[in-house]
1. If each residue's Cβ is checked for other Cβ atoms within 10 Å, how do Cys137, Cys73 rank with the fewest at the top?
2. Can you order the peptides 127-133, 74-80, 90-96, 111-117 by their average number of other Cβ atoms within 10 Å per residue, highest first?
3. Give me the angle, in degrees from 0 to 90, between the Cα long axis of helix 9-18 and the longest principal axis of the Cα atoms of the chain, rounded to the nearest 10.
4. Roughly speaking, what is the stretch gain from Asn135 to Leu76, that is 0.36 nm per residue apart minus the C-alpha to C-alpha distance, in nm to one decimal?
5. For volume of the Cα convex hull per residue in Å³, the listed values are [x] 189; [y] 110; [z] 129; which was obtained by calculation from the structure presented?
6. In what sequence do Phe31, Phe85 fall when counting other Cβ within 10 Å, fewest first?
7. Arg10 versus Gln105, label points 7 Å from Cα toward the beta carbon: distance in nm?
8. Fewest first, what order do Ile107, Ile12 take by the number of other Cβ atoms within 10 Å?
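No value in this document is a laboratory result; all are computed from the given coordinates. None of the values given here were measured: they were computed from a predicted structure. Every residue, glycine as well, gets a Cβ built from its backbone with ideal geometry; the counts of neighbours run over all protein chains shown.
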Amino acid sequence: MKSSSLSSDRVIDAVNRDFVPFLVDMTRDGFPAVPGLAAWRRAYLSDWKHRSGFATAVVLDARGQTPLATSGCGHLWEIESSLNFDPDRFLGFVVEGLDRARRHQAILSREDSEERSRSLRSLEGEILESLQARNECKAPGARRTSP
């Protein structure tokens, strides 16, 4: 990702303008204790494929509690199909994450607790569907069909 999506000036500008980015090098640093990354931690610990040659990006809410978007699978063997390695598609993921972060914050600020709960469930369903679709990693040599 560093030599593709994360070297694009448009991606760098969008990330620096709208997010607080941080890099996690699992090999060097281990897994951070961030609640919103719990699912990624479990995946990392349970499957050897996630421990070598894997890159992904996750947008969390401002408290680090809730995953809002993910760039999905980024295995080295997916370099031609994963949005992680395509700056234009990665920028779309960044825009999606920002949109969800803004919607999430607006929902949390609603005074009507029933409306807030209903809206949160709807947004969480949208997010979950997207996270599942993007994290359908393919085996080496298989072709990706999801975004």
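1. Lowest count first: Cys137, Cys73.
2. Working: 127-133: 14.7, 74-80: 16.7, 90-96: 18.9, 111-117: 9.9.
Answer by packing, highest mean first, reads 90-96, 74-80, 127-133, 111-117.
3. Computed tilt is about 30 degrees.
4. Working: separation 59, 0.36 × 59 = 21.24 nm, distance 1.45 nm.
The Asn135-Leu76 span can extend by a further 19.8 nm.
5. Among [x] 189; [y] 110; [z] 129, the one derived from this structure is [y].
6. Values: Phe31 14, Phe85 20.
Fewest-to-most Cβ neighbours within 10 Å comes out as Phe31, Phe85.
7. In this crude label model, Arg10 to Gln105 measures out at 2.4 nm.
8. Details: Ile107 18, Ile12 14.
Placing the least packed residue first, the sequence is Ile12, Ile107.
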